[in-house]
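For reference, the structure is listed below as structure tokens.
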Amino acid sequence: MRSFPLRVTAIVVGIVAIGVATTAVGLAAAPTSEPLGDPAAHFESASCPKTPHPIPALKTARCGYLVVPEDRKHPNGRTIRNAVAILPARSKHPKPDPIVFMTGGPGAASILDIPFLVDAGINQNRELIVMAQRGTLYDKPDLYCPELDHFYARQVSMVFDAPSTGAKQAAAARACHDRLVKRGTEPAAYNTTENAADFAELRQALAIDEWNVYGYSYGSDLALSFMRDYPEGIRSVTIDSVVPPNIVSLPWTWSSTREGVTTIFKSCEAQPSCNRHYPHLLPTFINEVRKLEAHPLVRRVRPPQGGPPVKVVLDGGTLVNMLVGNVPRWPEVPAAITELAEGDPHRFLEARAAGAVVPENPEQALGMTESFICQEWEPYGGPGAILKAGRKVFPSFPASVLVNAPQLPFLKELCREWKVPKAPASQRARVHSDIPTLVVSGAVDSKTGAKWGRYAAQTLTKSTYVKIDNVAHWVIVQSPCAQRIFQSFLSRPTGPQTACAAHTQASFPIER
């Protein structure tokens, strides 16, 4: 749904056969004795998805579809099929309790996350179950929005915060919404409540007595909701880059932006060489946002993927959103900001030009994204609240920048066209649980600030909170230290070994 998706851009564009495991997971096992009351819910074996680039791990995976009602208020109505891949453990003697993965977005393609998960050793000692959340890639149906994909490609040539840009985004959303509804899709049925119920049905359909849940970014929102509403059968939960369901809203994004961006600046300041080459980063950044918002930079730039030059507009809102979106990657931010202030904007212009190319195989199901956000996030904080939250953390930014939530601009206008109801307050209930939980945050994460991991841990009585200093968004797939902590936690959920976290440190390349 956005030009700078919540997913880890730096991994996605850069973003895992293993021996067959013998655990309790069966492809077509009978349901357990805890039915949810959905007569249509069952598992069907099928071939593994054919991905644009081959995923070696799928060669030894068992795959199929979880068949569930689209809308559980009408259990005998239309059904949908969520793609499922079950990857064997690397170990010859795997543990009996598998791991189930909940990806971010909302709307990301979890099947395409498999290479990262395998490379990070997530399935080292346990089977790994990856289900495509309802409405995403490889599901039937999927809620892809080429109308919005093409809009975001054109948006690189627009002023980010201009009302006309918001109007064009809303028009693209309206076209997508109307097409989905015409084909029989019910957008309101795509929400965290239904999503969590799908995972509960999955455990029953596979006859799994006990499993471990791992969710990152939006998937942490889903995992927390899942452990609140369906605690049965959960041995442990890991939440990574945390989005608390009772906090997440559009105004909330400003606090994460401030924490992540300023942590990068402070880390550079604490390292003499970085501070010497790239001094005064915070005031420089603020000044560049103000200057570009008043006088946008317009250039024709050749996309790094190739092709003819395209018009690129770099204004204040774009600059903020590029840093939040980790473009350029966070270690390059001190150099990029300093170069920009000295008259060299090439890093930002080239990165922005890359967005002008519509991908042949889009990974983000933007129809699913809009359905979730317009029900669960946007109704809980409109433009006035967004502006107030922005002024609290960046008081000298122009109002035109602050009134749009980072990465989620003009959502009031878009959601007016999406026509879905406000989610019930019960979906936003704070999660209190004694299920053993590992809470992992990246110190330089400007999408889901590290403080929200610590906040979520406060009401999880058997939780362990870990902050990794040299990682941004989606920590475990990037940090060897976090991977060791994760495996230690799975071995001993009430006493993981976390010492390595104290020795992680942000570092920056010096290019001057």
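The values are calculated or read from the model by the stated rules, or taken from the named source; none is laboratory data. Bear in mind that the values here come from a model prediction, so they are computed numbers and not experimental data. Backbone-built Cβ (ideal geometry, glycine too); neighbour counts: all protein chains shown.
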Before we move on, is Phe372 under 22 Å from the mean Cα position of the chain (by Cα) and at positive phi?
no
When you scan the range 329-354, how many residues do you find that are part of a loop (DSSP other than H, G, I, E, B) and over 29 Å from Tyr144 (Cβ atoms)?
4
For the list (1) modelled with pLDDT under 95; (2) part of a helix (DSSP H, G or I), I need the number of the one condition that Gly307 fails.
(2)
Over 17 Å from Ala162 (Cα atoms) and in a helix (DSSP H, G or I), is that true of Asn326?
no
Could you check the range 100-219 for helices (runs of 4 or more DSSP H) lying wholly inside it with 2 or more residues that are at pLDDT 95 or above, crowded, with 21+ Cβ neighbours inside 10 Å and assigned by TED's automatic domain parsing to the domain that holds Val68?
114-119, 192-205
Against the definition (surrounded by 14 or more Cβ atoms within 10 Å (Cβ to Cβ) and closer than 18 Å to Trp452 by Cβ), how does Thr284 come out, yes or no?
no
Criterion (buried (at least 24 other Cβ atoms within 10 Å of the Cβ) and of a type in the set (Lys, Arg)) met by exactly one of Arg352, Arg347, Arg329
Arg352
Assess whether Ala389 counts as being part of a helix (DSSP H, G or I) and surrounded by fewer than 24 Cβ atoms within 10 Å (Cβ to Cβ).
yes
Can you tell me how many residues in the range 367-411 are over 28 Å from Ala175 (Cβ atoms) and out of contact with any Phe, Trp or Tyr (no Cβ under 6 Å at 6 or more places or on another chain)?
13
Restricting attention to the range 263-287, the residues that are of a type in the set (Ser, Thr, Tyr) and out of contact with any Ser or Thr (no Cβ under 9 Å at 6 or more places or on another chain) number exactly 1
Can you tell me which residues in the range 464-489 are among the small types (Gly, Ala, Ser) and surrounded by fewer than 21 Cβ atoms within 10 Å (Cβ to Cβ)?
Ser488
Suppose the filter is part of a strand (DSSP E or B) and either surrounded by 22 or more Cβ atoms within 10 Å (Cβ to Cβ) or of a type in the set (A, V, I, L, M, F, W, C) (or both); does Val439 pass it?
yes
Any idea which of (1) assigned to a loop (DSSP other than H, G, I, E, B); (2) at pLDDT 95 or above; (3) surrounded by fewer than 20 Cβ atoms within 10 Å (Cβ to Cβ) is the one Val357 doesn't satisfy?
(2)
Those residues of the range 393-440 that are β-branched (Val, Ile, Thr) and touching a Gly at 6+ places or on another chain (Cβ under 9 Å) come to a total of 4
Could you grab me the full set of residues in the range 495-512 that are outside any helix (DSSP H, G or I) and within 12 Å of Tyr465 (Cα to Cα)?
Gly495, Pro496, Gln497, Thr498
Could you please give the count of residues in the range 310-323 that are in a strand (DSSP E or B) and out of contact with any Pro (no Cβ under 8 Å at 6 or more places or on another chain)?
2
Could you pull out the residue among Ile286, Ile239 that is at pLDDT 95 or above, more than 16 Å from the chain's Cα centre (by Cα) and either among the aliphatic types (A, V, I, L, M) or not in a helix (DSSP H, G or I) (or both)?
Ile286
Answer yes or no: is there a residue in the range 401-421 that is surrounded by fewer than 18 Cβ atoms within 10 Å (Cβ to Cβ), in a helix (DSSP H, G or I) and either out of contact with any helix residue (DSSP H, G or I) (no Cβ under 8 Å at 6 or more places or on another chain) or hydroxyl-bearing (Ser, Thr, Tyr) (or both).
no
Which one is farthest from Val320 (Cα to Cα), of the residues in the range 442-459 that are buried (at least 17 other Cβ atoms within 10 Å of the Cβ) and of a type outside the set (A, V, I, L, M, F, W, C)?
Tyr455
Among (1) under 30 Å from Ala335 (Cβ atoms); (2) out of contact with any Gly (no Cβ under 7 Å at 6 or more places or on another chain), which single condition is Ile468 missing?
(2)
Right, Leu314: crowded, with 22+ Cβ neighbours inside 10 Å, farther than 18 Å from Gly260 by Cα and modelled with pLDDT of 95 or more or not?
yes
